[in-house]
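Right, one structure below, let's go through it.
The values are calculated or read from the model by the stated rules, or taken from the named source; none is laboratory data. Note that the coordinates shown come from a computational prediction; the quantities given were computed from them, not determined experimentally. Note that each Cβ is placed from the backbone with ideal geometry, even for glycine, and that neighbours are counted across all protein chains shown. The protein model used for the area step is the full one, side chains on, heavy atoms only, and it has no ligands, DNA or RNA in it. Shrake-Rupley method; radii C 1.70, N 1.55, O 1.52, S 1.80 Å.
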Amino acid sequence: MLQQTQVATVIPYYQRFMATFPKIADLAAANPQQVLKLWEGLGYYSRARNLQKAAQRIMSVHGGRFPETFDDVRALPGIGDYIASAVTSISFGQPHAVVDGNVKRVLARLFEINHPANRSDAHPVFKTRAESLLDRKDPATFNQAIMELGALVCRPKQPLCRQCPVSGHCNTFKNGTTADFPKRQRKAPTPTIDVAVGVVFKKHRVLIVQRPGEGLLGGLWEFPGGRVVTGEPPEAACRRHLLEKTSIRIDTAMPLTEARHTYTHFKIRMTVFNCRWGGGRVRRNGPSAHSWVTLAELDRYPFHKANLKLFDAVRRTQS
Ligand code: SF4
């Protein structure tokens, strides 16, 4: 839960999650929709799906006991080099160096590493350095110490070099070049995608669809819609996506609201229409499930955050 997410945000989610699934076996056997519902609003939903798959693998392959070797931990869905190194070193005392953003900053400054720390090929460069420093007798303390050093002392801005316990070994401190490290590759600007969304009413029920199980926001629910192509009016895009993805026609499409949402690599700008069903049975092309629900029933389904932002406007249509 803490990947890309602040502790304060995570705490209530963690508490609800642990109260619902106190044991690995509980999570492994849970309904995936319940898992996503508990994760609703936390983002990066592949973490939830992977956590459940990992629990299932621990049950089927490891007899319900969390594995202890690096390779077995690394083989669990959703676990990469960082978590495998952190868990096996801190929990089991095994000699694997952790490399996160804080560690990279410390290493880049200690050794004046010119390789951009945010480039996709940076990990092995920093991993090799971290492994060369690792205290193999006490990797747990070493890893936690270097992460804390990065978080509290070797901070991104205004590092506390005069209080730093390793300043005597630090090249950038010696050379007065700390502000130039770590090197970073300039990121391309985040693109904005225009999306048209239809909130389709049939009497007092509204149409919601479920995204396919894998991929971005997999398994979550949303109001149907899709990308607006260049030059296309948003209302036409809304009608087109409804027809293509659900086969239904709509009578009216009145502007309802606009909203924006930012993902890691792009932003979306949503134009949302209040639509009245005009005919046709739902035949799905893309969504893995659909449902006509009352507004009171919306809360039973796990929605992704961009659509949760629309709930107030959707509810106002019926008040
Ligand atoms: Fe970071 Fe300064 Fe310590 Fe070097 S001396 S590791 S730059 S805090």
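Number of residues in the range 291-310 that are more than 20 Å from A196 (Cβ to Cβ) and open to solvent by 10 Å² or more (accessible area, probe 1.4 Å): the value is 9. Take the range 160-206 and flag every residue that is more than 16 Å from the ligand (Cβ to nearest atom) and among the polar types (S, T, N, Q). Hits for the range 160-206 are Q185, T190, T192. Of all residue pairs spaced 6 or more apart or on separate chains, none has beta-carbon atoms under 8 Å together with a first member in the range 253-277 that is not assigned by TED's automatic domain parsing to the domain that holds V228 and a second member that is open to solvent by less than 20 Å² (accessible area, probe 1.4 Å).
Here's the yes/no breakdown for (1) over 23 Å from the mean Cα position of the chain (by Cα); (2) free of Cβ contacts under 8 Å to residues at least 12 places away in the same chain:
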position	(1), (2)
N31	no, yes
L38	no, no
M59	yes, no
G64	yes, no
A75	no, no
G80	no, yes
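Of the helices (runs of 4 or more DSSP H) lying entirely inside the range 1-84, the ones with 2 or more residues being of a type in the set (D, E) and not assigned by TED's automatic domain parsing to the domain that holds G218 are found at 70-74. Checking each residue in the range 92-121 for being open to solvent by 30 Å² or more (accessible area, probe 1.4 Å), in contact (Cβ under 8 Å) with a residue 12 or more places away in the chain and more than 20 Å from the chain's Cα centre (by Cα) picks out F92, G93, Q94, P95, H96, K104, F111, E112, N114, H115. All conditions in (1) open to solvent by 80 Å² or more (accessible area, probe 1.4 Å); (2) not assigned by TED's automatic domain parsing to the domain that holds R260 hold for F173, with the sole exception of (1).
Would it be correct to say that H265 is open to solvent by 40 Å² or more (accessible area, probe 1.4 Å) and more than 20 Å from C238 (Cα to Cα)? Give the steps one after another, and end with the answer.
Details: open to solvent by 40 Å² or more (accessible area, probe 1.4 Å): yes; more than 20 Å from C238 (Cα to Cα): yes.
So H265 passes the test.
Here is a yes/no grid of residues against (1) touching a Pro at 6+ places or on another chain (Cβ under 7 Å); (2) at pLDDT below 95:
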{"position": "A75", "(1), (2)": "no, no"}
{"position": "S85", "(1), (2)": "no, no"}
{"position": "S89", "(1), (2)": "yes, no"}
{"position": "F92", "(1), (2)": "no, no"}
{"position": "P95", "(1), (2)": "yes, no"}
{"position": "D100", "(1), (2)": "no, yes"}
{"position": "K104", "(1), (2)": "yes, no"}
{"position": "A108", "(1), (2)": "yes, no"}
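In the range 162-219, of all residues being among the charged types (D, E, K, R), modelled with pLDDT of 95 or more and out of contact with any Phe, Trp or Tyr (no Cβ under 6 Å at 6 or more places or on another chain), the one that is nearest to I268 (Cα to Cα) corresponds to D194. Conditions: (1) more than 10 Å from the ligand (Cβ to nearest atom); (2) charged (D, E, K, R); (3) within 30 Å of N102 (Cβ to Cβ); (4) free of Cβ contacts under 8 Å to residues at least 40 places away in the same chain. R227 meets all but one. Number of the miss? Condition not satisfied by R227: (3).
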